[in-house]
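Structure, as structure tokens:
The values are calculated or read from the model by the stated rules, or taken from the named source; none is laboratory data. Computed from a predicted structure; not experimentally measured. Positions of Cβ are backbone-derived with ideal geometry, glycine not excepted, and every protein chain shown enters the neighbour counts. These accessible areas exclude ligands, DNA and RNA; they are computed on the full protein's heavy atoms, side chains included. Shrake-Rupley method; radii C 1.70, N 1.55, O 1.52, S 1.80 Å.
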Amino acid sequence: MTLPAATLDHVVINARDDLDRAADIYTRLGFTLTERGYHSLGSMNHLAMFGTDYLELIALPKDATSGRLDLLTFPFGLNGLVFGSEDSAVTYAALQKAGLPFDPPVEFTRPVKYSGGQGDARFRTVRMKAGHVPYGRIYYCHHFTRDLVWRDEWRHHANGTVAVVRAIIVEPDPAKGAKLYADMFGKENVRDMKGGKTVVIGNSRFDIVTEAPRKAEFGDAVPEAEGRKAYMAGLTFRTVSVAKAARALQEGKIAGVVQTSGRLVVPAKQAVNAVLEFI
């Protein structure tokens with residue numbers, strides 16, 4: 001049985017129990033967000049949809065006493081990296097055969113309203129067992145109702161974003177951190193880079209680096225580590241126009257944005273503790 005293909009489905013910003021604040025911030029960052037959705041598992045979200053992937057803001061209701069309480073155990077910020085699966089049963093079987101620590105598939109739903117109708121989006125996820133990754137959550141997502149998730153009415157953003165092209169992971173031992181992805185997708189998906197390793201995930205990549213290169217690249221824009229030695233630090237987005245992204249950030253009154261040739265960086269303190277880059 002072959003290993004699952006490495007494709008990015010979505011990335012997740014954990015808003016803990018303050019989705020209102022996160023939604024306001026990401027709207028001012030220039031993202032078009034879907035209406036608030038409520039999962040049958042107890043969490044709630046907003047999505048920013050792109051071409052073939054998306055950004056999810058996830059949280060629990062403030063008065064939650066059950067459901068996805070694990071979200072409250074993680075700090076604010078980038079918390080989930082999610083791969084695509086066309087068949088969650090096949091994916092799980094391949095991961096089991098490879099000896100990788102994943103839980104059996106779990107199915108859930110979310111009501112969706114869209115222009116001209118409504119329906120129930122249905123998903124099945126295969127999640128890595130808790131405690132095996134120190135920096136957040138890793139899982140696969142199998143979409144049964146893609147037509148209720150990827151809709152053109154949600155793909156137009158004031159900042160011009162069309163794709164997630166990079167996730168940045170801080171890890172004291174990048175080689176050790178990258179071994180997980182080599183086991184999941186194959187050694188050929190992992191490459192050397194200055195200061196660490198990079199993992200090819202479809203049209204995207206995960207850079208696994210130590211603190212030094214992360215600070216060299218982003219300076220004071222970096223997120224608060226909050227005592228963590230390993231954590232997900234931020235995201236790079238592809239935009240149709242850096243100038244368009246700059247206008248959206250200015251109109252959204254986002255402070256501390258740094259612009260250089262072909263690049264915009266939003267400080268983590270302005271984006272729910274995740275540094276954002278637009279290129």
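Of all chymotrypsin sites (Phe, Trp or Tyr not before Pro) in region 74-137, which ones are in loop regions per DSSP and have a Cβ with at most 12 other Cβ atoms within 10 Å?
none
For region 177-279, how big is Rg over Rh, using alpha carbon atoms and the Kirkwood form of Rh? Mind showing how you got there, number by number?
Working: Rg = 14.9 Å, Rh = 14.9 Å.
Using only Cα positions, Rg/Rh for region 177-279 is 1.00.
Determine the calculated [θ] at 222 nm for the chain from helices alone, applying -39500 (n - 2.57) to every DSSP H run no shorter than 4 residues and normalising by the residue count; nearest 500 deg cm²/dmol.
Details: 5 runs with 50 residues, N = 279.
Dividing the helical sum by the residues of the chain leaves -5500 deg cm²/dmol.
Quick one: 3J(HN,Hα) in Hz for region 259-270, Karplus 6.51/-1.76/1.60 with θ = phi - 60°, rounded, Gly and Pro as x.
Computed from phi, the couplings for region 259-270 are 10, 10, 4, x, 7, 10, 10, 9, x, 4, 5, 9 Hz.
Just to confirm, what accessible area per residue do you get for region 7-96 at 1.4 Å probe, in whole Å²?
Numbers: 3230 Å² over 90 residues.
Heavy-atom SASA per residue in region 7-96 reads 36 Å².
Which one of GLY131, VAL190, VAL164 has its Cα pushed farthest toward the positive end of the charge dipole of the chain, where Lys and Arg give +1 and Asp and Glu give -1 at the Cβ?
Most positive-ward Cα: VAL190.
With a 1.4 Å probe and all protein chains left in place, how much of the accessible area of region 99-194 comes from carbon and sulfur atoms, in whole percent?
Details: 2340 of 4630 Å².
Carbon and sulfur together cover 51 percent of it.
Treating each Cα of region 156-206 as an identical point scatterer and ignoring solvent, apply the Debye formula and state log10 I(q)/I(0) at q = 0.15 Å⁻¹.
The calculated log intensity ratios at q = 0.15 Å⁻¹ are -0.45.
Roll a 1.4 Å probe over the protein chains and send me the accessible area per residue for region 167-254 in Å². The partial results should precede the final answer.
On the way: 4420 Å² over 88 residues.
Computed with neighbouring chains in place, this is 50 Å² per residue.
If you take the Cα Rg of region 64-133 and divide it by 2.2 N^0.38 Å, with N the number of residues, what do you get? Walk me through the numbers before you get to the answer.
Values: Rg = 15.0 Å, N = 70, 2.2 N^0.38 = 11.1 Å.
Normalised Cα radius of gyration, region 64-133: 1.36.
Just the number, please: Stokes-Einstein D of the chain in µm²/s, Kirkwood Rh from C-alpha pairs, 20 °C, 1.002 mPa s. Numbers along the way, then the final one.
Numbers: Rh = 19.0 Å.
The estimated diffusion coefficient comes to 113 µm²/s.
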